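Take a look at the structure set out below.
Laboratory data are not the source of any read-out in this text; all were calculated from the coordinates shown. Everything numeric in this text was worked out from a predicted model, so none of it was measured. We place every Cβ from the backbone using ideal geometry, glycine too, and count neighbours over all the protein chains shown.
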């Protein structure tokens, strides 16, 4: 059986490793006839300790209607002494149904991480 110290070390390591997370607001949206769906915000963020590899990446978002959105920043050189975080928010109107939105981080044309969000609109 693993020791408590080993378990705490694993949990701390997992918590500090950078990762791409996603949040959808609202969790379930109610479609409005006047706008042909419901406005939903999809927010991607880097959580954990940002390393040079994860510093100032580009985000590419694939939407269910086969369109893509890309955001890229012009950043200062890697600040190895500063903790930084990145958050990208997108608000779109979705029709009724369940939709997958995929966000991928890249740096120097190499994918770092991808995650999917599920958008649910009823009505």
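Of note:
- Most tightly packed first, judged by the mean number of other beta-carbon atoms within 10 Å of their residues, the peptides 70-79, 28-37, 95-104 read 95-104, 28-37, 70-79.
- Full-extension gain in nm, residue 70 to residue 43, via 0.36 nm per residue minus C-alpha separation: 8.3 nm
- The range 18-122 shape via C-alpha gyration tensor axes, a/c threshold 1.5: prolate
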